[in-house]
Amino acid sequence: MNNLYLLISPLIILLVNSFFIKKNFLKSLTGDRHQLFIEKKNIPLSGGVFLFIFSIIPFFTNIEFYFFFTIFLIGVLSDTKILKSAKIRFMIQIVTIVALVINFNFVINDLRIPFLNLLLENKIFSYLFFSFCLLIVTNGTNFIDGLNGLVLGYYTIVLSFVLNLELSNNFGVNQEYIIYYIIILAYLLIFNFLNKLYLGDSGSYFLGFLVGILLISIYKQYPLFSPFYVVLLLWYPCFENLFSILRKYRFNSSPLKADNKHLHQLLFYYNYKKFNFSKLYANNIASLTINLVNLIFFLIGSNYIYDSSIQIIIILILLFIYILSYLFLFNFRFNKNN
């Protein structure tokens, strides 16, 4: 990768982002109920645009491009309020992801669970199962995209572990491109932390979709390490999605309807009220806290990438921490005394 290109990338982001602000393009006034975590400013939802532009060169063949572009476009239409219906967005995602899975035979036969392996021998079940997995991580990434630095920081950490373990070599993706993408994410992370740009639905959908495909593909090409290591690296957006669906079902709310009861939002509120932080500071501290916890457990799991039992134990511990934290923060948020 051209070093000059990487050096001027921040300038490209700055100039294009300034243009978006000036022209009110992809603007966000943080007016939605689930976005009220920063002072109301005209911050562009430009992160997805940069992710898409900077991703075209390293990762896509001509055929793959159309699938990634469709996921990105769904997010853009959502960000611009052209496509307001969450149901329609979800249906287009389903068609796109199922088509990609079938077109590239995107299936794995061994997940170290005998009963599931038996079911995966059926092509239709296998296609549906992996389509479901990609839908969960894609939409789960959008669910956790509520704080500055949370999604960008999370996936920067994930890709760093992929790079450190040299798993990408077995996938056929040049490590230089992984380094390139981590640097781009780091640039966007800085702008995001400074509250200069947001990912938007286009960015969160696109990034979750991209990394989900990357990790599953790596395991497909190199199935020696535990598939539960992939689950570990993607546990947070996936569990946030599944937990939110169950939570909303419990309170008779549509799983497609946005709310402000996600873990990261409750943690933001706790920081804001308990410690009297400014909104921006409470926001950034919350995202750093969540990513730090994940970093610690990813470090532990990376020492046992071939041991499924340890990977499962680590995942269960993280789920336990999540649920306990959620119950505590939920009680604090909706306690009338707070």
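The values are calculated or read from the model by the stated rules, or taken from the named source; none is laboratory data. If you're wondering where the values come from, they're calculated on a predicted model, not measured in any experiment. Cβ: placed from backbone, ideal geometry, glycine included. Neighbour counts: every protein chain shown.
Data table
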{"read-out": "Residues satisfying the stated conditions in segment 273-292, i.e. more than 18 Å from the chain's Cα centre (by Cα) and under 19 Å from residue 153 (Cβ atoms)", "value": "277, 279, 280, 281, 282, 285"}
{"read-out": "Of all residues in segment 269-286 being among the aliphatic types (A, V, I, L, M) and at pLDDT 90 or above, the one that is nearest to residue 328 (Cα to Cα)", "value": "286"}
{"read-out": "Lone unmet requirement of (1) part of a helix (DSSP H, G or I); (2) closer than 21 Å to residue 147 by Cβ; (3) under 17 Å from the mean Cα position of the chain (by Cα); (4) of a type in the set (Phe, Trp, Tyr) for residue 191", "value": "(3)"}
{"read-out": "Residue tally, condition in a helix (DSSP H, G or I) and under 20 Å from residue 322 (Cα atoms), over segment 250-298", "value": "29"}
{"read-out": "Sole exception among (1) surrounded by fewer than 16 Cβ atoms within 10 Å (Cβ to Cβ); (2) over 23 Å from residue 105 (Cα atoms); (3) at pLDDT 65 or above for residue 17, by number", "value": "(1)"}
{"read-out": "Which numbered condition residue 102 misses (of (1) at pLDDT 90 or above; (2) closer than 29 Å to residue 192 by Cα)", "value": "(2)"}
{"read-out": "Unmet criterion (only one of (1) part of a helix (DSSP H, G or I); (2) modelled with pLDDT under 90) for residue 209", "value": "(2)"}
{"read-out": "When residues of segment 286-338 are limited to those that are touching a residue at least 24 places away in the same chain (Cβ under 8 Å) and among the charged types (D, E, K, R), the one farthest from residue 274 (Cα to Cα)", "value": "307"}
{"read-out": "Which numbered condition residue 289 misses (of (1) at pLDDT 95 or above; (2) polar (S, T, N, Q); (3) out of contact with any Leu (no Cβ under 7 Å at 6 or more places or on another chain))", "value": "(3)"}
{"read-out": "From the options 162, 158, 230, residue that is farther than 28 Å from residue 16 by Cα and in contact with a Leu (Cβ under 6 Å, 6 or more places away or on another chain)", "value": "230"}
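Results for (1) surrounded by fewer than 17 Cβ atoms within 10 Å (Cβ to Cβ); (2) of a type outside the set (A, V, I, L, M), shown as yes or no for each residue.
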{"site": "291", "(1), (2)": "no, yes"}
{"site": "300", "(1), (2)": "yes, no"}
{"site": "319", "(1), (2)": "yes, no"}
{"site": "331", "(1), (2)": "yes, yes"}
{"site": "334", "(1), (2)": "yes, yes"}
